[in-house]
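Comments concern the structure below.
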Amino acid sequence: MGLEAEVHPGSTADGTRRRARTVLVVLALFIVINAADKAVLGLTADPIRDDLGLTATEFGTVASSFYLLFSVSAVAVGFLGDRIRARPLLAALALVWAAAQLPILLPAAGFGTLVATRVVLGAGEGPGYPLANYTAFTWFPGKGRSLPSAVVVAGGAGGTIVAAPLVILVSNTLGWRASFGLLGGIGILWVIAWLRLGGSGPYAARVDATAPVGDALSVAVPGAPAGEAPFRRIVATGTWLGATFSAFTVMWTLALGFAWLPLFLEEQAGFSDAEISGILGLPALSMAVLVLTAGIAAQRLLRRGTTARVAQGLLGALLPLLAGACLLLTTRVGPGALLLPLVVAFSAGNGQTPLTNSAIADISPPGRRSAALGLSYALAALSSLLAPYVTGRIIDAAPSEALGYGRAFDVAAWLLIAGGVISMLLVRPDRDALLLGTQRRSDI
């Protein structure tokens with residue numbers, strides 16, 4: 001299939017701007033639910049382990065099972081995103097999320113059911129984030145993408161902020177199973193809203209029915225070179241590789257936080273359920289602020305003529321470096337001094353995400369954008385498959401849980417630092433766009 005960039009001259013009209021903002025809000029809510037679905041297991045970890053008698057390794061297995069098909073699904077749907085409209089794709093994903101949560105309501109649902117439903121949930125959620133970003137990009141031109149991406153990413157922080165008190169309240173009053181059922185119902189409500197309000201924007205790529213079948217490697221864009229770089233060249237660029245590895249390290253830390261941070265705060269720091277609910281909201285709130293601030297800063301720098309390497313590469317790389325340094329401190333200070341390094345450690349790294357997403361989008365032709373974002377996210381998400389299980393093994397193998405948590409957090413910290421350094425060296429969107437011949441698409 002051939003693909004053609006569809007850019008409407010009237011895309012800056014007030015009506016289109018309002019629609020773009022509406023769609024962006026609905027997409028952010030999509031990611032809110034996505035994050036809440038991930039967080040619910042960690043937030044109900046203690047009653048689940050007590051009720052089902054799970055060891056740390058078994059609980060880590062349940063947490064890791066979420067990511068078993070996560071990456072495969074992200075790749076497959078990422079490529080479909082360049083060929084199928086966003087409205088039915090996103091609606092189908094959200095319905096899978098809802099359906100996967102409901103079997104947990106059954107009293108007989110145990111370890112096997114938890115593993116099976118988390119696998120299905122992960123298959124549905126794997127493509128969610130890159131597809132939401134891609135759909136948001138269809139409503140905004142090149143130099144205006146960093147902030148919309150930041151809004152989508154901030155939805156993940158919003159999910160944690162909303163989920164922590166709500167899930168703990170429902171779990172304490174109705175039981176931990178009710179928390180899963182509640183999120184399933186919320187997913188169904190989102191589908192109804194999306195089918196009414198959602199869709200792709202004027203900067204979407206559309207299928208050209210007159211093009212020869214199989215002509216999937218060329219995209220006709222006004223002012224662009226006639227021949228398009230093959231997909232393999234996009235994923236071999238320093239920008240794509242650096243962004244993907246840095247995202248791998250950030251997602252390792254996020255998965256660690258979702259699965260194990262509530263238990264760490266209860267068992268090692270001695271906080272109560274009510275205190276944990278408030279504490280977990282702090283990294284999420286900080287993440288939302290940092291993500292939006294980074295998106296705004298990068299967008300302003302680009303519009304003032306700063307190179308994308310500085311605005312997206314160097315600026316973004318500082319955030320995981322800061323997060324890694326703070327994560328090293330988290331298990332080395334007492335409860336009284338814990339909050340500041342903990343908040344920064346589990347929030348700052350993700351501030352880089354909208355910048356690297358925008359960098360990948362900027363070097364990719366419109367007809368390759370969903371696939372490039374989807375494959376990057378899929379590979380990065382492999383860390384989420386590994387982190388909860390590896391953490392459980394480290395804790396079980398350590399002489400004490402305290403030492404185990406320290407070792408596991410140190411692994412995540414050094415990964416973050418490595419990701420920041422590599423991102424700083426490799427993410428150069430201007431250079432890679434020039435090499436790929438996409439430098440004229442900065443506003444596409």
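Quick notes on this structure:
The rows are residues; the columns are (1) of a type in the set (Ser, Thr, Tyr); (2) within 30 Å of Ser272 (Cα to Cα); (3) in contact with a Leu (Cβ under 8 Å, 6 or more places away or on another chain).
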site	(1), (2), (3)
Leu106	no, yes, no
Thr113	yes, yes, yes
Pro141	no, no, no
Val170	no, yes, yes
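- Within the stretch 291-321, considering residues that are without any contact (Cβ under 8 Å) to a residue 24 or more places away in the chain and in a helix (DSSP H, G or I), the one least open to solvent (accessible area, probe 1.4 Å): Ala297
- Within the stretch 327-348, considering residues that are open to solvent by less than 50 Å² (accessible area, probe 1.4 Å), touching a residue at least 40 places away in the same chain (Cβ under 8 Å) and not in a loop (DSSP other than H, G, I, E, B), the one farthest from Leu301 (Cα to Cα): Thr330
- Residues of the stretch 32-69 classified as under 19 Å from Leu102 (Cα atoms) and either among the β-branched types (Val, Ile, Thr) or not in a loop (DSSP other than H, G, I, E, B) (or both), total: 21
- Checking Ala413 against (1) within 29 Å of Glu275 (Cα to Cα); (2) of a type in the set (Gly, Ala, Ser); (3) not in a helix (DSSP H, G or I), the condition it does not meet: (3)
- Yes/no for Phe264 being in contact (Cβ under 8 Å) with a residue 12 or more places away in the chain, of a type in the set (Phe, Trp, Tyr), open to solvent by 20 Å² or more (accessible area, probe 1.4 Å) and under 28 Å from Leu43 (Cα atoms): no
- Phe140 aromatic (Phe, Trp, Tyr), over 17 Å from the mean Cα position of the chain (by Cα) and open to solvent by 30 Å² or more (accessible area, probe 1.4 Å): yes
- Members of the stretch 37-56 found to be hydrophobic (A, V, I, L, M, F, W, C) and open to solvent by less than 10 Å² (accessible area, probe 1.4 Å), listed by number: Ala39, Val40, Leu41, Ala45, Ile48, Ala56
- Cross-chain or 6+ apart pairs with Cβ under 9 Å, the stretch 159-179 first and of a type outside the set (Val, Ile, Thr), then open to solvent by 30 Å² or more (accessible area, probe 1.4 Å) and part of a loop (DSSP other than H, G, I, E, B): Arg177/Leu106; Arg177/Pro107
- Where Ser423 falls short, out of the listed (1) open to solvent by less than 10 Å² (accessible area, probe 1.4 Å); (2) farther than 24 Å from Gly242 by Cβ: (2)
- Neighbours by Cβ (under 8 Å, 6+ apart or cross-chain): first from the stretch 395-411, within 10 Å of Ala56 (Cβ to Cβ); second of a type in the set (A, V, I, L, M, F, W, C) and in a loop (DSSP other than H, G, I, E, B): Gly404/Ala398
- Residue match in the stretch 109-117 (condition: open to solvent by less than 50 Å² (accessible area, probe 1.4 Å) and within 30 Å of Ala298 (Cα to Cα)): no
- When Ser286 is tested against (1) among the hydroxyl-bearing types (Ser, Thr, Tyr); (2) open to solvent by less than 20 Å² (accessible area, probe 1.4 Å); (3) assigned to a helix (DSSP H, G or I), exactly one condition is not met: (2).
- Restricting the stretch 430-444 to residues that are in a helix (DSSP H, G or I) and touching a Gly at 6+ places or on another chain (Cβ under 7 Å), the residue that is modelled with the highest pLDDT: Asp432
- When the residues of the stretch 143-164 are filtered to those that are of a type outside the set (Ser, Thr, Tyr) and open to solvent by 10 Å² or more (accessible area, probe 1.4 Å), the one that is nearest to Ile279 (Cα to Cα) is Ile161.
The values are calculated or read from the model by the stated rules, or taken from the named source; none is laboratory data. The structure presented is a predicted model; accordingly, all values stated were derived computationally and were not measured. In this analysis, Cβ positions are derived from the backbone assuming ideal geometry, glycine residues included, and neighbour counts consider all displayed protein chains. Keep in mind that these areas ignore ligands, DNA and RNA; they rest on the heavy atoms of the full protein, side chains included. Shrake-Rupley method; radii C 1.70, N 1.55, O 1.52, S 1.80 Å.
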